[in-house]
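**Student:** The structure follows.
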Amino acid sequence: MTENIELQDSNHDFTHKHLLGLADYSKDDILFVLEQAKYFREILDRPVPKVPTLRDKTIVNLFYEDSTRTRLSFELAQKRMGADVVNFSKGSSSVKKGESLKDTIRNISSMKIDMVVARHKSPGVPHFLTRCVDAAIINAGDGAHEHPTQALLDMFTMQQVYPDLTGKNIAIIGDIAHSRVVRSNVIGLLKLGANVTVCGPKTMMPAYVEELGADVSYNIDEVLSWCDIAMALRIQLERQEGGTELFPSIREYHQLFGITMEHLEEYPDFTIMHPGPVNRGVEMESEVADSDRSIILSQVTNGVAVRMAILYLLSGRTRV
Amino acid sequence: MSYTPNLLLRNVRPVGGDFDGSQTVDIRITDGTIAEIGTELNPQKENETIHDAGGAYVSGGWMDMHVHLREPGYEHKETIETGCAAAAFGGFTEVACMPNTNPPIHTRDVVEFIKKKSEQLPVEVHPIGCVSKEREGDSIAEMSDMKEGGAVAFSDDGDPVYNSQLMRVALEYSSMLEMPIINHEEDLKLSRPGHMHEGKVSARLGIDGTPGIAEETMIARDILLAQFTGGHIHVAHISTAKAVDLVRQAKADGINITTEVCPHHFDLTDEEIERRDFDTNVKMHPPLRTQEDVNAMIEGLADGTIDAICTDHAPHAIEEKEVEFIYAPNGIIGLETAWSISVKRLLDSDVLDLQTLLTKFVEKPREILNLDIPKIEEGTKANLTLFNVDEEWTFSESAVRSKSKNSPYLGEELKGRAEAIYNNGRFVINEI
């Protein structure tokens, strides 16, 4: 519990105050974070998985959008590092009274907050928060823009299978247009030298999808025969309600883009990931999610370690 | 806004009509009318004010045919008085205001309320009446009655006339009155829930986009309806390259169509949203588009496809704009900066010469709205803008005359400024 944490590469000049998105982080920054996360991952396997690293820090988790695992993961990471944590979720306290986000964050900040972890449906909210308060801001998902800690934990998990991701083939399958997980993963993976293909219905690709920098495919067999890792994304069933539907039915989505046990047999090499929560029977068959090819639960465990590393690096410390 | 019926303007350089800006003259205004144009005129009356303009240009007063004055209903954003103060600072002596107020300008009494509220101001306000009753997009409003009250055109701006049958009826009915229909061109099914231009930047930022086709398909429909009915369609705040092509072709085909563009659409691109980290002062509708579109705006201005420059002046209070990007209302104020942006993008870049640029501010908007065009001629009403094209100034908050400050140009170094306006016997000198 009192064991020191040593920076793996103290020569790397990590100067970021915030984590707004991986677009702002260099390859070396990303590798540095992932390297730090290894130490925190080890801590999680100890009998007492706690360190006092953030014991004098106060962190607010500001969640304006439903989240179970990301919020729990951050909270666990914070508590395992001894931080004081307050949670603010939409539906509680002042949001209902119609207080603006700016007023809310400034009020909370007046209570001496060191870091803010923010989730919001509007792209750019973390950037907006940096203009409102001095605290370090960590983006826990801003609309369909970025979800950098998710991408970091995904890359960390991929590294457990392939320590060097250079030249590895990664497929991301699902609703590409409306996914923050895709954007952060594509940015990060390309910086690490991986090959990335996004796959899904054409109606779920953003216009100018090539701008993301990944290759595009509309054929699941094509990408599964190619990839080392296939990451399926949650299809947001709620998007199908109201408005003009982007695909005809869940049934047809599964027929075209669902990963099945037949796929696992036909293409014996790829590993399966999913940021969760899985719609069983939609993105993949239940047996696929539970198969030994799936590393979905490792992603969840690693998420805590990666978030500990980010919290540590952004807490203003260079050494514990 | 002092009442100055008798004014001797010294050392001005008229542009427009027979004047090309090379001549320096004095202009004597008596009882609000241009009485004498000459050199080295002497003060004649005891109550004649003398203003030495120091060689400033003077033209017929400028007109902005697309502003939102917000009154009645949204006086926390802007009032007729503050909006007109912003217009005066920008060099505009006349504005046409859009009807998305509360109540909307959909009956004669609201038209007359606005006329009455503005009658003592140096800036003349021309209300644009609604196309539809309650601006609800279903059935046409009392256009003739509103015209009698002072309305100069009809529009449901803020929203499109989405119902094609309503647009047909509106074009037929308004053509009988010789009035244009101004449409906010947007196919709502294609555009929503867009918060910025759908393009490369929206792909990167994960923001739902409004595609150019949402504007273009609506313009194509309106061109066909204008051709079919013989009505006059005016395309509001044009913003895409293909839209300019459509209007250019329609004009070549002899269709009664005109259009306008805002300075921000020939100056800024969607890259600004990324560059400024989701600043809501670059969120407007139509959205900032691409460099290709900006270039097309400039070409359209150069070849005359785009008739007029307007601002779409859209004030919003600080607390309304300082919010999450997707919750922020669309629009920016534009009256104070329109001239400087035009100087930068059109005059200094040699796209338009000064006289042609001025037609976009003076003659064209009034031709579209069938209003008298001010002239620098003895015996005509003095309706003038004094301006320069080279003064460097900073658009600081103290220069904002609007009640709202939602401008992406705040803090910018600009060049060229309206120094003063004269209209309705009132003389306003702009101080930064």
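The values are calculated or read from the model by the stated rules, or taken from the named source; none is laboratory data. Just so it is clear, the model here is predicted, and its values are computed rather than measured. FYI the Cβ positions are ideal-geometry reconstructions off the backbone, even for glycines, and counts take in every protein chain you see.
**Student:** Test residue A:109 against the criterion of being surrounded by fewer than 17 Cβ atoms within 10 Å (Cβ to Cβ) and under 28 Å from residue B:279 (Cα atoms), and give yes or no.
**Tutor:** no
**Student:** Could you list, in sequence order, the residues of segment B:179-209 that are among the acidic types (Asp, Glu) and within 26 Å of the chain's Cα centre (by Cα)?
**Tutor:** B:185, B:186, B:187, B:198
**Student:** Looking at A:175, A:154, A:134, A:164 in this structure, which one is charged (D, E, K, R) and in the same structural domain as residue A:35 (by TED's automatic domain parsing)?
**Tutor:** A:134
**Student:** In addition: Check off (1) buried (at least 19 other Cβ atoms within 10 Å of the Cβ); (2) charged (D, E, K, R); (3) assigned to a strand (DSSP E or B) for residue B:70 and give me the number that stays unchecked.
**Tutor:** Of everything listed in (1) buried (at least 19 other Cβ atoms within 10 Å of the Cβ); (2) charged (D, E, K, R); (3) assigned to a strand (DSSP E or B), residue B:70 misses just condition (3).
**Student:** Taking the residues in segment A:101-122 that are in a loop (DSSP other than H, G, I, E, B) and over 16 Å from the mean Cα position of the chain (by Cα) as candidates, determine which candidate is nearest to the other protein chains (Cβ to nearest Cβ).
**Tutor:** Only one residue tops the list, namely A:122.
**Student:** Given the structure, is residue B:269 among the hydroxyl-bearing types (Ser, Thr, Tyr) and either within 14 Å of another protein chain (Cβ to nearest Cβ) or surrounded by fewer than 24 Cβ atoms within 10 Å (Cβ to Cβ) (or both)?
**Tutor:** Considered against the rule, which asks whether it is among the hydroxyl-bearing types (Ser, Thr, Tyr) and either within 14 Å of another protein chain (Cβ to nearest Cβ) or surrounded by fewer than 24 Cβ atoms within 10 Å (Cβ to Cβ) (or both), residue B:269 comes out as yes.
**Student:** Another question about this same structure. Give B:134, B:94 a once-over and let me know the one that is of a type in the set (Asp, Glu) and either outside the structural domain of residue B:357 (by TED's automatic domain parsing) or in contact (Cβ under 8 Å) with a residue 60 or more places away in the chain (or both).
**Tutor:** Answer to the selection: B:94.
**Student:** Which count do you get for residues in segment B:411-432 that are within 20 Å of residue B:78 (Cβ to Cβ), out of contact with any Phe, Trp or Tyr (no Cβ under 6 Å at 6 or more places or on another chain) and part of a loop (DSSP other than H, G, I, E, B)?
**Tutor:** Looking only at that region, the number is 0.
**Student:** Is there a residue being part of a loop (DSSP other than H, G, I, E, B) and under 21 Å from residue A:187 (Cβ atoms) anywhere in segment A:246-269?
**Tutor:** No - not one qualifying residue is present in segment A:246-269.
**Student:** Going through segment A:1-32 one residue at a time, which ones are part of a helix (DSSP H, G or I) and either more than 16 Å from residue A:308 (Cα to Cα) or modelled with pLDDT under 95 (or both)?
**Tutor:** Passing the criteria: A:22, A:23, A:24, A:27, A:28.
**Student:** What is the number of the single condition among (1) surrounded by fewer than 17 Cβ atoms within 10 Å (Cβ to Cβ); (2) part of a strand (DSSP E or B); (3) out of contact with any Lys or Arg (no Cβ under 7 Å at 6 or more places or on another chain) that residue B:55 does not meet?
**Tutor:** Only one criterion is unmet by residue B:55, namely (3).
**Student:** Can you tell me which residue within segment B:124-153, out of those that are over 16 Å from residue B:184 (Cβ atoms) and among the acidic types (Asp, Glu), is surrounded by the most Cβ atoms within 10 Å (Cβ to Cβ)?
**Tutor:** B:124
**Student:** Quick test for you: out of B:235, B:261, B:244, pick the one residue that is modelled with pLDDT of 95 or more, buried (at least 21 other Cβ atoms within 10 Å of the Cβ), within 19 Å of residue B:164 (Cβ to Cβ) and among the hydrophobic types (A, V, I, L, M, F, W, C).
**Tutor:** B:235
**Student:** Of everything in segment B:282-341, what is in a loop (DSSP other than H, G, I, E, B), closer than 23 Å to residue A:123 by Cβ and among the polar types (S, T, N, Q)? Give them in sequence order.
**Tutor:** B:290, B:330
**Student:** Name the one entry in B:230, B:254 that is without any contact (Cβ under 8 Å) to a residue 24 or more places away in the chain, at positive phi, over 24 Å from the mean Cα position of the chain (by Cα) and more than 14 Å from every other protein chain (Cβ to nearest Cβ).
**Tutor:** After ruling out the rest, the residue left standing is B:254.
**Student:** Considering each of A:177, A:207 in turn, give the residue that is within 14 Å of chain B (Cβ to nearest Cβ), at pLDDT below 95 and surrounded by 21 or more Cβ atoms within 10 Å (Cβ to Cβ).
**Tutor:** Answer to the check: A:177.
**Student:** What number of residues within segment B:402-419 are closer than 29 Å to residue B:25 by Cβ and within 18 Å of the chain's Cα centre (by Cα)?
**Tutor:** 3
**Student:** Now for a different question. Given the options B:394, B:380, name the one that is over 19 Å from the mean Cα position of the chain (by Cα), surrounded by fewer than 21 Cβ atoms within 10 Å (Cβ to Cβ), under 30 Å from residue B:277 (Cβ atoms) and not aliphatic (A, V, I, L, M).
**Tutor:** B:394 is the lone residue from the list that is over 19 Å from the mean Cα position of the chain (by Cα), surrounded by fewer than 21 Cβ atoms within 10 Å (Cβ to Cβ), under 30 Å from residue B:277 (Cβ atoms) and not aliphatic (A, V, I, L, M).
**Student:** Being surrounded by fewer than 22 Cβ atoms within 10 Å (Cβ to Cβ), on the phi > 0 side of the Ramachandran plot and in contact (Cβ under 8 Å) with a residue 24 or more places away in the chain, is that true of even one residue in segment B:174-186?
**Tutor:** Yes.
For (1) touching a Cys at 6+ places or on another chain (Cβ under 9 Å); (2) surrounded by fewer than 24 Cβ atoms within 10 Å (Cβ to Cβ); (3) assigned to a loop (DSSP other than H, G, I, E, B), each residue gets a yes or a no:
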residue: B:75; (1), (2), (3): no, yes, yes
residue: B:96; (1), (2), (3): yes, no, no
residue: B:99; (1), (2), (3): yes, no, yes
residue: B:105; (1), (2), (3): yes, no, yes
residue: B:111; (1), (2), (3): no, no, no
residue: B:116; (1), (2), (3): no, yes, no
residue: B:122; (1), (2), (3): yes, no, yes
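**Student:** Yes or no: residue B:221 over 24 Å from residue B:67 (Cα atoms), within 14 Å of another protein chain (Cβ to nearest Cβ) and either modelled with pLDDT of 95 or more or assigned to a strand (DSSP E or B) (or both)?
**Tutor:** It is false that residue B:221 is over 24 Å from residue B:67 (Cα atoms), within 14 Å of another protein chain (Cβ to nearest Cβ) and either modelled with pLDDT of 95 or more or assigned to a strand (DSSP E or B) (or both).
**Student:** I would also like to ask the following. What residue, of B:328, B:317, is within 14 Å of another protein chain (Cβ to nearest Cβ) and either over 22 Å from residue B:80 (Cβ atoms) or not hydrophobic (A, V, I, L, M, F, W, C) (or both)?
**Tutor:** None of the other options fit; the residue is B:328.
**Student:** For segment A:123-154, how many residues meet the condition of being within 14 Å of another protein chain (Cβ to nearest Cβ) and in a helix (DSSP H, G or I)?
**Tutor:** 11
**Student:** Please specify each residue of segment B:322-346 satisfying the condition of being among the hydroxyl-bearing types (Ser, Thr, Tyr) and crowded, with 24+ Cβ neighbours inside 10 Å.
**Tutor:** Listed by number, the residues that qualify are B:337, B:340, B:342.
**Student:** Answer yes or no: is there a residue in segment B:346-361 that is in contact (Cβ under 8 Å) with a residue 12 or more places away in the chain, within 20 Å of residue B:100 (Cα to Cα) and outside any strand (DSSP E or B).
**Tutor:** The answer is no; no qualifying residue exists.
**Student:** Separate question: Of all residues in segment A:192-204, which are under 19 Å from the mean Cα position of the chain (by Cα) and within 14 Å of another protein chain (Cβ to nearest Cβ)?
**Tutor:** A:198
**Student:** Same structure, new question: Is it true that residue A:72 is touching a residue at least 60 places away in the same chain (Cβ under 8 Å), in a helix (DSSP H, G or I) and either more than 14 Å from chain B (Cβ to nearest Cβ) or buried (at least 16 other Cβ atoms within 10 Å of the Cβ) (or both)?
**Tutor:** Against the criterion (touching a residue at least 60 places away in the same chain (Cβ under 8 Å), in a helix (DSSP H, G or I) and either more than 14 Å from chain B (Cβ to nearest Cβ) or buried (at least 16 other Cβ atoms within 10 Å of the Cβ) (or both)), residue A:72 does not qualify.
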